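Worksheet: the structure to be examined is printed underneath.
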């Protein structure tokens, strides 16, 4: 049976991990490859690396890092952050990334999705969507949730699928950082509406939240992404997976 | 020495990286002279079956593959090309395995709302062949595909996604896996290290 996926997300600046990680006894906490290897060893199903570099040198360091990750890690990984052209995606995929995620640039220029999909296949295009609930309407935001676009979440997700998105990674900016749980009802609706996998992101505070968003009675999401609860050791992946399996949710143990 | 068959059907890199991690020597080539000097061969592949078959026929690799006596492992599209026919472009394939390759939407029971492609970790059961030495029944491996091979006497493992399909095949010196061993963690590493111990 196809397993639900658990995906730790790492923020990278200038080729180094940014967020503190305080549960791993690593030689270099900043080295994303060592962190990635550790997560892979614990049973992470996939990894996401987001480049938050602000400089050209930082972006170059990122593509060099992607090559090292591809050489050292034997599970699939997605990279994102600032991808705005097919060429940006091409550099990262050629360096060995399995998938790229596009966000703000796709809102501005939706053809970017079909261009990457037709050249490299839909399976490697993740469309990341950040949105906020404004008076009952989920409005899509860009630039890390700081700017509103004129798009609405459900129609944009459907449009992205038609253009060739292979997966949708939706983050509720209302839930992100709260540790109060995922926006389950939104994932449930997205999952029923789309024919491609839905990845939940934003709001995880404990294992129960992840169980809720993946369960068929809850969010029905195909995968759950989280950052700080894994980095700070509040949730350990082997424990989480055992709890999911105990609830009858298929996971890779 | 392992030969990776290069026919412009992408994603050689991840196979290459996996062999590097195993410390295995390899050569990448589209030249049948070079490939025939290897101990074993890998046929990778991502993309369209009809296009890939046209590429293999154009550079004489189709006949080379059919006639080789070296252990040969097809991965993903590489496995599908070793079958008799693919619905993707309605193309006759290499015919090593009699199995036929169909799109999931053609084989799934009506109104079964499964997402296509089949992406992610799924389990492999009914394991046969030395490729799976040390691999437990029900182990999880990583899949990304929209087309699947039916079950037959060469089926070496079975996976279910709405319907059961051949997640690997084996006949004589030919093997194929629909999943990506190079992206399947420790289980995949075990499968690849079993393969690189094989010789003619």
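The values are calculated or read from the model by the stated rules, or taken from the named source; none is laboratory data. On a predicted model such as this, the values are computed, not experimentally measured, just so you know. Here the Cβ positions follow ideal geometry from the backbone for every residue, glycine too, while neighbour counts run over all protein chains shown.
Within the range A:92-108, if we keep just the residues that are out of contact with any strand residue (DSSP E or B) (no Cβ under 7 Å at 6 or more places or on another chain) and part of a loop (DSSP other than H, G, I, E, B), the residue that is nearest to the other protein chains (Cβ to nearest Cβ) turns out to be A:96.
Checking B:76, B:93 one by one, the residue that is within 14 Å of chain A (Cβ to nearest Cβ) and under 19 Å from residue B:30 (Cβ atoms) is B:76 and no other.
Total residues in the range B:32-59 satisfying the condition of being at pLDDT below 95, under 13 Å from residue B:5 (Cβ atoms) and in a loop (DSSP other than H, G, I, E, B): the figure is 3.
In the range B:18-31, the residue that is farthest from the chain's Cα centre (by Cα) out of those that are surrounded by fewer than 15 Cβ atoms within 10 Å (Cβ to Cβ) and away from chain A (no Cβ under 14 Å) is B:25.
For the range B:184-200, the set of residues classified as within 13 Å of chain A (Cβ to nearest Cβ) and either at pLDDT below 95 or surrounded by fewer than 24 Cβ atoms within 10 Å (Cβ to Cβ) (or both) consists of B:185, B:186, B:187, B:188, B:189, B:190, B:193, listed by residue number. The number of residues in the range B:145-166 that are assigned to a strand (DSSP E or B), more than 12 Å from chain A (Cβ to nearest Cβ) and in contact with a helix residue (DSSP H, G or I) (Cβ under 9 Å, 6 or more places away or on another chain) comes to 8. Just to be sure, is residue B:179 at the interface with another protein chain (Cβ under 9 Å from one of its Cβ atoms), out of contact with any helix residue (DSSP H, G or I) (no Cβ under 7 Å at 6 or more places or on another chain) and either buried (at least 16 other Cβ atoms within 10 Å of the Cβ) or not in a loop (DSSP other than H, G, I, E, B) (or both)? No: the conditions fail for residue B:179.
Please tell me if residue B:66 is out of contact with any strand residue (DSSP E or B) (no Cβ under 9 Å at 6 or more places or on another chain), in a helix (DSSP H, G or I), in contact (Cβ under 8 Å) with a residue 12 or more places away in the chain and crowded, with 16+ Cβ neighbours inside 10 Å. For residue B:66, the condition - out of contact with any strand residue (DSSP E or B) (no Cβ under 9 Å at 6 or more places or on another chain), in a helix (DSSP H, G or I), in contact (Cβ under 8 Å) with a residue 12 or more places away in the chain and crowded, with 16+ Cβ neighbours inside 10 Å - is not met. Candidates in the range B:115-129 are the residues that are within 12 Å of chain A (Cβ to nearest Cβ) and surrounded by fewer than 17 Cβ atoms within 10 Å (Cβ to Cβ); of these, the one that is nearest to the chain's Cα centre (by Cα) is B:125. When residues in the range B:130-144 are screened for being at the interface with chain A (Cβ under 9 Å from one of its Cβ atoms), at pLDDT below 95 and over 15 Å from the mean Cα position of the chain (by Cα), 0 of them pass. Every listed requirement among (1) touching a strand residue (DSSP E or B) at 6+ places or on another chain (Cβ under 7 Å); (2) surrounded by 15 or more Cβ atoms within 10 Å (Cβ to Cβ); (3) more than 21 Å from residue A:184 (Cβ to Cβ) is met by residue A:145 save one, (3). Taking (1) touching a helix residue (DSSP H, G or I) at 6+ places or on another chain (Cβ under 6 Å); (2) closer than 29 Å to residue A:192 by Cβ in turn, residue B:133 satisfies each apart from (2). One residue stands out among those in the range B:77-92 that are in a loop (DSSP other than H, G, I, E, B) and buried (at least 24 other Cβ atoms within 10 Å of the Cβ): the one that is farthest from the chain's Cα centre (by Cα), which is B:83. The set of residues in the range A:109-147 being assigned to a loop (DSSP other than H, G, I, E, B) and more than 14 Å from chain B (Cβ to nearest Cβ) consists of A:109, A:110, A:135, A:136, A:143, A:144, A:145, A:146. Just one of (1) within 14 Å of another protein chain (Cβ to nearest Cβ); (2) more than 19 Å from residue A:122 (Cα to Cα); (3) buried (at least 18 other Cβ atoms within 10 Å of the Cβ) fails for residue B:112. It is (3). Assessment of the range B:119-130 against the conditions (farther than 16 Å from residue B:75 by Cβ, touching a helix residue (DSSP H, G or I) at 6+ places or on another chain (Cβ under 9 Å) and not in a strand (DSSP E or B)) yields at least one matching residue.
Residue-wise test of (1) more than 14 Å from chain A (Cβ to nearest Cβ); (2) over 16 Å from the mean Cα position of the chain (by Cα); (3) buried (at least 17 other Cβ atoms within 10 Å of the Cβ).
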| site | (1), (2), (3) |
| --- | --- |
| B:4 | yes, no, yes |
| B:13 | no, no, yes |
| B:16 | no, no, yes |
| B:33 | yes, yes, no |
| B:47 | no, no, yes |
| B:52 | no, no, yes |
| B:58 | yes, yes, no |
